[in-house]
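Notes follow the structure.
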Amino acid sequence: MTDLVFENVRLIDPEAGTALSGRLLVKDGRIAGRDKAGAEGKPENARVIDGTGAVLSPGLVDMRVAIGEPGFEYRETIASCARAAVSGGVTTLAALPNSKPAIDEPALVRLLRGRGEETGLVSILPYGALTKGCNGEEMAELGMLREAGAVAFTDGIRAIADTKRMRQLLAYAKGIDALVVQHPEDPSLAKGGTATAGALATRMGLAQIPAAAEAILIARDIRLAEMTGARLHFGHVSTGEGLALIRQAKARGLAITCDTAPPYFALNEEAIGEFRTYAKLSPPLRAEEDRLAVCAALADGTIDAIASDHAPWDADDKRLPFAQASAGGTGLTTLLGVGLSLVHEGTLTLPQLIALITRNPARLLGSEAGTLLDGASADLCLFDPDAEWVVEAGAQPGRAQNTPFDGRRLKGRVLGTWKNGVAVFGGEAA
């Protein structure tokens, strides 16, 4: 393994919250030190990589990714997902359990972890199913799944509807100190809906989901978490009302965390105009006031992480009337580029953004990824925050192409990605 010296780079340290020009040394696949810009000397036989002023950060950690494999390989395989991930600077991803079969057996958890390592591109952190088959009824073997390597428990894109069942699940999770991740949407209110309730959905003749469906389930589950003392995380939160409840729960000292996804701070419901099925998501895109509330919650720290919410679908799943089209969009290749819009607009500093897509999700999931500390695995992302490019569905790495950002010009592009000190994307990659 060749030792590396990254020179002429801006080092983003999410632990310290700093962005400083300097050099970084990689030895035997691990970070072996940093020094200031202008320092001289390098280890013998080390390869020098001149960043020409680009930003070097930890490899991104994406805490919400659906992978088609096993069972839906026509949508995305582990290999194609890994290629898409590294093109977006992602080196660690947490895989949702909504596969076929669902990830409700220890052998499947071990399989996903092993298959991730086999790619040589990414580490896969599997979620274990909360209930068998992710059907919201019988509890899965959470203890055994945890021993096999499940980092947290969720039914993924399905909310636990039954209140008594959710209380039991949280109580058991508390007993094994496990994190529960909930899709925050009341299933009965969301059933059959395709768009956020309001004037736009009415004009388009679409079945509606009240935005309050999110806050209703969040309020219920915060109370259950308080009763049980469990750690509870809400995925892809998208409304101001829901975020206000989470903000209040945190102020009371409850172990409540949440993430959001780029569509909810960069798009609003107008994106579904002309029945654009690539913009049909779950939860659905919201009104502009909710988008602004998500931005505010990112700025004040209410939101703990940003996840891509990568949901691959085949073209035939999307080339249907809006009501019948599948909900979800890809996000691995655009996570950083869309995220950087928050920096360019002044909502976040660059170190704050990088923490939201590296250190913070890693810590929530108990992973040691997402850092530039000495001794850490050299999972790295080199990017130009000012390079512009246009997202083009059909030209993205990976199998699935259903991006809600099709045609959008982004400012910020990945130049290279390294996994354990080995280049896996960009000009240095083999």
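The values are calculated or read from the model by the stated rules, or taken from the named source; none is laboratory data. Here the structure is a predicted model, which is why all the values come from computation and not from measurement. A quick note on method: Cβ atoms are made from the backbone with ideal geometry, for glycine too, and the neighbour counts reach across all protein chains shown. We work out accessible area using only protein heavy atoms, side chains counted, and drop any ligands, DNA or RNA first. Shrake-Rupley method; radii C 1.70, N 1.55, O 1.52, S 1.80 Å.
Points worth noting:
- The distance from the alpha carbon centre of the stretch 239-316 to that of the stretch 331-376 is 16 Å, rounded to a whole number.
- Structure remark: mean-square fluctuation, Gaussian network model of the chain, C-alpha springs under 10 Å; the largest value among Pro43, Pro397, Pro101 belongs to Pro43.
- Probing with 1.4 Å while keeping every protein chain in the model, the per residue accessible area of the chain equals 38 Å².
- Taking the accessible area of the chain, probe 1.4 Å, and keeping the other protein chains in place, the carbon and sulfur fraction comes to 49%.
- Over the stretch 135-197, the alpha carbon radius of gyration divided by the compact-protein estimate 2.2 N^0.38 Å works out to 1.24.
- Anisotropy class of the stretch 316-368 from Cα gyration tensor, a/c 1.5 cut: oblate
- Accessible surface of Glu105 - all protein chains present, 1.4 Å probe, nearest 10 Å²: 100 Å²
- Asp162/Ala255 FRET efficiency (R0 25 Å; Cβ-Cβ; nearest 0.05): 0.70
- The equivalent ellipsoid of the chain has semi-axes of 34, 24, 21 Å, largest first, where each one is the square root of 5 times an eigenvalue of the Cα gyration tensor.
- For Leu372, the residues whose modelled amide H falls within less than 5 Å of its own, excluding neighbours fewer than 5 places apart on the same chain, are Glu15.
- Gaussian network model of the chain, Cα within-10 Å springs - most flexible of Arg409, Arg75, Arg359: Arg409
- The C-alpha atoms of the chain define a longest principal axis, and helix 78-87 lies at about 60 degrees to it.
- For the chain, a crude dipole built from +1 on the beta carbon of Lys and Arg and -1 on the beta carbon of Asp and Glu, taken about the Cα centre, is about 460 debye to the nearest 20.
- For Arg276, nonlocal amide neighbours, meaning residues 5 or more places apart or on other chains whose placed amide H falls under 5 Å from its own, do not occur.
- Residues whose amide H comes within less than 5 Å of that of Thr257, counting only those at least five positions distant or on another chain, are Leu232, His233, Phe234 (H built at 1.01 Å from N in the peptide plane).
- Our Cα-only numbers for the stretch 98-229 put the radius of gyration and Dmax at 16.9, 51 Å.
- Under the Karplus curve 6.51 cos²θ - 1.76 cosθ + 1.60, θ = phi - 60°, whole-Hz ³J(HN,Hα) for the stretch 5-13, x wherever Gly or Pro sits: 10, 8, 10, 6, 10, 9, 8, 9, 9
- What you get for the stretch 290-384, charging only the Cβ of Lys and Arg (+1) and of Asp and Glu (-1), is a dipole of about 120 debye around the Cα centre.
- The peptide list 346-357, 82-93, put in order of mean Cβ contacts within 10 Å with the highest first, becomes 82-93, 346-357.
- With a Cα cut-off of under 17 Å and a minimum spacing of 8 residues unless on different chains, the lysine pairs in the chain number 7.
- Magnitude of the charge dipole for the stretch 92-250, about its Cα centre and with charges confined to Cβ atoms of Lys, Arg (+1) and Asp, Glu (-1), is about 240 debye.
- Extension gain for Arg110-Glu138 works out to 7.9 nm (0.36 nm per residue, less the C-alpha to C-alpha distance).
- Listed residues Ala315, Ala293, Ala395, most fluctuating in the chain (Gaussian network, C-alpha, under 10 Å): Ala395
- Kirkwood hydrodynamic radius over Cα pairs of the stretch 1-125, then Stokes diffusion coefficient at 4 °C and 1.567 mPa s, in µm²/s: 79 µm²/s
- For the chain, calculated [θ]222 nm from helices alone, where every DSSP H run of n ≥ 4 adds -39500 (n - 2.57): -8500 deg cm²/dmol
- In degrees, nearest ten, helix 212-228 long axis to first principal axis of the chain (Cα): 80 degrees
- Between Ala212 and Glu270, the distance separating the two model label sites (each 7 Å from Cα on the Cα→Cβ line) works out to 2.7 nm.
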